[in-house]
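Since the structure comes first, as structure tokens, the remarks are kept for the end.
The values are calculated or read from the model by the stated rules, or taken from the named source; none is laboratory data. The structure displayed is predicted, hence computed values, not measured ones. No Cβ is skipped: glycine too gets one built from the backbone with ideal geometry, and neighbour counts run over all protein chains shown. When the accessible area is computed, the model is the full protein with side chains, heavy atoms only, and any ligands, DNA or RNA have been set aside. Shrake-Rupley method; radii C 1.70, N 1.55, O 1.52, S 1.80 Å.
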Amino acid sequence: MKSYNTMGSVYQAHTSKSSTPNIIVDLKVIIHETVTILPPQQTEKRSMFLSNIDQVLNFNVETVHFFVAHPEFPPESVAEKLKSALSKALVPYDFLAGRLRLNPESQRFEFDCNGAGAQFVVGSSEFELGEIGDLVYPNPGFRQLVQKSYDDVAMHDRPVCILQQLTSFKCGGFALGVATNHATFDGISFKTFLENLASLAAGKPLATVPCNDRYLLAARSPPQIQFDHPELVKIPTGVDLPKPTVFDCPEGQLNFKIFNLTSNDIARLKKKAKDGWSGGSSNAKITGFNVVAAHVWRCKALSSGSDYDPERVSTVLYAVDIRSRLNLPSSLAGNAVLSAYASARCKEIEEAPLVKLVELVTQGTNRMTGEYAQSVIDWGEVNKGFPNGEFLISSWWRLGFADVEYPWGKPRYSCPVVYHRKDIILLFPDIVGSSDNNEVNVLVALPSKEMEKFEVLFHKLLA
């Protein structure tokens, strides 16, 4: 296991065995061209219904996909192919050429599919790709590789999809930065979009025809809230719903570290969980995600706050895909994930064997049946609210963005642009083709004293 630490405006990554070079924060990106990409043919002008899950996700998600130089595809050629591919994609994904607006009658967000177009930006950096440091490390400079939404522009005029391609590097490599409003995609449907973009760029048909019927996730009429939903908090009538962006920086200074778990570390956690069975039966599903989530939950719960309260209840949230649970098409675009939860008192989290925490995480996933998921959607029809827990584990670990095959090859690495939050812990993969493709990186941002506790626990409980 290795960990990375940050200090000051120039970031130094540390591992238990060796140090990586300093990471350049200012990538010296110059923007050369900003164009609006339109669909190649007129599309139907319409208003597109957004589900109650989509409604609370009005914020941008930013990802960067790095590519090494390819002799047959210089950055200028890639730019033209991506412009053409994006234009073609705006037909089956017509909402990407539209704008998000608030319907004054229903007071719901919807996509105005008006064909206004998506944004495409071309830039360059003064550096070579190999000079900017460890791509796995969440460098704040990566924010320069994604064109920001226009905050000074009215919402109904802002593009919901922006591609900043080429940021090209002097070596011929380049980065594809993508900013999309979260209402457009969840992680699963975003990967499908990338696969389609790559296929169109290769002159091929769509890899998967997207299903754009968001009514499949509509609430029932009348709504039927069949379960208690402690994972959701209701906002009183008359109070505006806060933007629940996972990327805003909180007030106050946070330290952040990356803890790398190798496949051996994960195997050790699985064995520890299995060894925790003392006879009898357990519904614990000992998967890589479940044991990592249980381990991270224990460390986070026991490091929170200055005074340890054994009776305090800690709740961890994590996303569950509900497509199969509601018999939805796997090609459904939009957001078809909900927050599962696991809760326990800190005393139980401290004293219970790891298998018990894995069992609670498993129960949270199993709780998300089709009936439960529909009850959550109906809850959102009656209430204004958002997920409620001590923290959220946001997993990019197995989304597979770096597995997408473009004409110029697969990405060297794909990652979210990270904005540190105390209540968000990110799981993300290592470089594809590394010596250990099953490892996971755990990014944690905490105040310094809590981070000290977390780090001690993380190492101690792994042993």
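What the table shows:
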read-out: Test: residue in segment 334-357 that is among the polar types (S, T, N, Q) and over 24 Å from PHE458 (Cβ atoms); value: yes
read-out: Those residues of segment 41-52 which are part of a strand (DSSP E or B) and of a type in the set (Gly, Ala, Ser), in sequence order; value: SER47
read-out: Qualifying residue in segment 158-175 (condition: under 30 Å from LEU338 (Cβ atoms), open to solvent by 50 Å² or more (accessible area, probe 1.4 Å), in contact with an Asp or Glu (Cβ under 9 Å, 6 or more places away or on another chain) and assigned to a strand (DSSP E or B)); value: no
read-out: Of all residues making up segment 144-171, the number that are of a type in the set (Gly, Ala, Ser) and modelled with pLDDT of 65 or more; value: 2
read-out: Residue in segment 172-187 that is among the polar types (S, T, N, Q), closer than 24 Å to LYS410 by Cα and at pLDDT 95 or above present; value: yes
read-out: The listed residue being among the β-branched types (Val, Ile, Thr) and in contact with a Ser or Thr (Cβ under 6 Å, 6 or more places away or on another chain), out of VAL121, VAL68, VAL146; value: VAL121
read-out: Qualifying residue in segment 353-373 (condition: open to solvent by less than 20 Å² (accessible area, probe 1.4 Å), free of Cβ contacts under 8 Å to residues at least 60 places away in the same chain and in contact with a Pro (Cβ under 6 Å, 6 or more places away or on another chain)); value: no
read-out: SER330, sole failed condition from (1) touching a Leu at 6+ places or on another chain (Cβ under 7 Å); (2) of a type in the set (Gly, Ala, Ser); (3) over 18 Å from LYS422 (Cβ atoms); value: (1)
read-out: Selection count, segment 115-142, where residues are within 26 Å of GLU80 (Cβ to Cβ) and not aliphatic (A, V, I, L, M); value: 12
read-out: Helices (runs of 4 or more DSSP H) contained entirely in segment 255-352, each with at least 2 residues that are open to solvent by 60 Å² or more (accessible area, probe 1.4 Å) and in contact (Cβ under 8 Å) with a residue 12 or more places away in the chain; value: 263-275, 346-351
read-out: Every residue from segment 192-230 that is open to solvent by 50 Å² or more (accessible area, probe 1.4 Å) and of a type in the set (D, E, K, R); value: GLU195, LYS204, ASP213, ARG220, ASP228
read-out: Single condition GLU126 does not satisfy, out of (1) farther than 25 Å from PRO39 by Cβ; (2) buried (at least 21 other Cβ atoms within 10 Å of the Cβ); value: (2)
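This table checks each residue for (1) over 28 Å from GLN55 (Cα atoms); (2) modelled with pLDDT under 95.
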| site | (1), (2) |
| --- | --- |
| ASN255 | yes, yes |
| ILE258 | yes, yes |
| ALA273 | yes, yes |
| GLY280 | yes, yes |
| ASN290 | yes, no |
| LYS300 | yes, no |
| LEU328 | no, no |
| LEU332 | no, no |
| GLU348 | yes, no |
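Results for (1) at pLDDT 95 or above; (2) within 15 Å of GLN41 (Cα to Cα); (3) surrounded by fewer than 20 Cβ atoms within 10 Å (Cβ to Cβ); (4) over 26 Å from the mean Cα position of the chain (by Cα), shown as yes or no for each residue.
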residue	(1), (2), (3), (4)
ILE53	yes, no, no, no
LEU57	no, no, no, no
VAL61	no, no, no, no
HIS65	yes, no, no, no
LEU82	yes, no, no, no
LEU90	yes, yes, no, no
TYR93	yes, yes, no, no
LEU102	no, no, yes, no
GLN107	no, no, yes, yes
